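Any read-out appearing in this document is the output of simple, stated calculations on the displayed coordinates, not a laboratory observation. What you see is a predicted model, and the numbers here were worked out from it, not measured in a lab. Please note: Cβ atoms are built from the backbone with ideal geometry, for glycine as well, and neighbour counts cover all protein chains shown.
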Amino acid sequence: MDRIPILKMGPYLLVTIQVDLYDRLALTLENDLINMVSKTGARGVLIDISAVSIVDSFMGRILGNIASMSRIMDAETVVVGMQPAVAITLVELGLTLQGVYTALDVEKGMELLQTKIGIIEDPEDEDEEVPDDDTV
Amino acid sequence: MNNTAQLLQNNKKRILEIWMQNQLDDEALRDDLISNEELRRQSEELLSSLASATASGNVENIYAPEYEPVTEILTDISITRARQGFSPRETGMYVLSLKQAISQVMENKLSDKPEQLYKELNTMHRLLDNLSMVTFDTFIKGREEVILRQNDEISEISTPVIRVWEGILALPIIGTLDSARTQIVMENLLQEIVNTGSSIAILDISGVPAVDSLVAQHLIKTVSATRLMGAECIISGIRAEIAQTIVHLGIDLSNIKTKASLASALQVAFAMRGVEVRKSNKNTGLNLLR
């Protein structure tokens, strides 16, 4: 049976969904992901759905479930790369995914996770490279 | 071949003359919109096709195949007239004045046979009344097409997505927001967010005349969709009366960022992006420190 790989990156778990989610697959993902959170003690979960073009209410609920479950286990969830059509569909279905953080792409999602969890790696790093009088 | 058809066929020239005369005498003649030659050409075409259609013996059913050329010409005339800006009355009178012309000729020919005259007139009137109905139908259809096209154009013009800064989009909404327009606005905005990778969108509703619960619903939908995409949405341009209606209607906008003006929304957006706007020491122009 198909499984969606879950990658561990430091304190984060990374999931990229490259196929259209059918119900069984979504349930398996939910199960696997929560088990991984508990096993690794991850602090953040990043789900990339940029390749998902079809979504239904079930899938919307699964995403919400994953977020709620992770929150209970002290991990934040960020969903990144939602397609416009998917966003419109979810809104029309009345699923606004309250409690799920969203970001435009993986990079921004990672940034968001870092600020949410409070791990900021070398916060001064970038500021030092840009001199103060560098105005545009 | 029945009498009406024969009469039409034999007196085509004379009917056309009277008809043209009637039209030219009419005060409502729009010689600014259509030239006399053009009018004569149209009329002649219509009359000959009518004559050949009646020649088939059918003077009742204008939806029969032999009337197709007639209705086609009429449709053509009314649609062009609708586009040229003729009033419905003028277009209707065009067909009805033909009725007058034919009646006149019939009266002359059949003055000694009143019974037959009555019958013939009756048939002919019914036929032309039907034809004038066709004119009205198509005239209104033509007008509606114009309106639909304008509608499309308006909705296309009035939903531009502007990139005001790196990562900040602005979308001024002008005119009433209905479901169809919200859909267009939402799609445009979301697509533009993907294209530019923007993380903040400002919806400016200064140009929206009134906000009722439906419009508010649409706004909330748009904001939710933007949020799902991973961007923040700020609604700006809320006037005093709009704020009043929103509160009176009991619409909850508490989880949406709202600002009174586009300027203050921009300020918030800059703060979120970590952009600072300050006066330069050297000159009075604005310098932006990143």
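What the Cβ-Cβ distance of B:Q267 and B:A180 gives, at R0 = 30 Å and to the nearest 0.05, is a FRET efficiency of 0.35. Loop by DSSP (not H, G, I, E, B), at most 16 other beta-carbon atoms within 10 Å: where is the longest site-free stretch of chain B for GluC sites (Glu not before Pro)? My reading of the result: B:167-290 is the longest stretch. For chain A, the 222 nm mean residue ellipticity estimated from helices alone, with every DSSP H stretch of n ≥ 4 adding -39500 (n - 2.57) and the total spread over all residues, rounds to -13500 deg cm²/dmol. Test of understanding: extend the Cα→C-beta vector of B:L33 to 7 Å, then name every residue of the range B:141-171 with backbone N under 19 Å from that spot. Zone members listed by number: B:141-150.
Across the range A:6-129, the mean sequence separation of Cα contacts (distance under 8 Å, 6 or more residues apart), normalised by length, yields a relative contact order of 24 percent. Against the empirical 2.2 N^0.38 Å (N residues), chain A has a Cα radius of gyration ratio of 1.15.
Distance from the alpha carbon centroid of the range B:225-280 to that of the range B:49-72 works out to 65 angstrom.
A Förster radius of 25 Å, combined with the Cβ-Cβ distance separating B:F136 from B:N10, puts the computed FRET efficiency at roughly 0.25.
Reported to the nearest whole Å, the Cα centre-to-centre distance from the range B:127-153 to the range A:1-55 is 58.
Relative to a virtual label point 7 Å from the Cα of A:D105 in the Cα→beta-carbon direction, which members of the range A:65-95 show backbone nitrogen distances below 17 Å? Counting only backbone N, you get A:79-84.
Let me make sure I get this right: for the range B:66-179, a, b and c are the square roots of the gyration tensor eigenvalues over alpha carbons, sorted descending. Under 1.5 in a/c it's rounded, otherwise prolate if a/b > b/c, else oblate. Which is it? Because a/c hits 1.5 or more and a/b exceeds b/c, the range B:66-179 counts as prolate. Which percentage, to the nearest 5, of the DSSP beta bridges contained in the protein assembly as shown is antiparallel? Antiparallel bridges: around 30 percent, rounded to the nearest 5.
With each label modelled as a point 7 angstrom along the Cα→C-beta vector, the B:K113-B:E66 pair spans 1.9 nm. Of all DSSP beta bridges confined to chain B, the antiparallel ones make up roughly 35%.
Mean-square fluctuations from a GNM of chain B, with a 10 angstrom spring cutoff on Cα atoms, peak among B:V247, B:V223, B:V59 at B:V247. Across the range B:3-151, Cα pairs under 8 Å and at least six residues apart give a relative contact order of 33 percent.
Rounded to the nearest 5, the antiparallel percentage of DSSP beta bridges internal to chain A is 25%.
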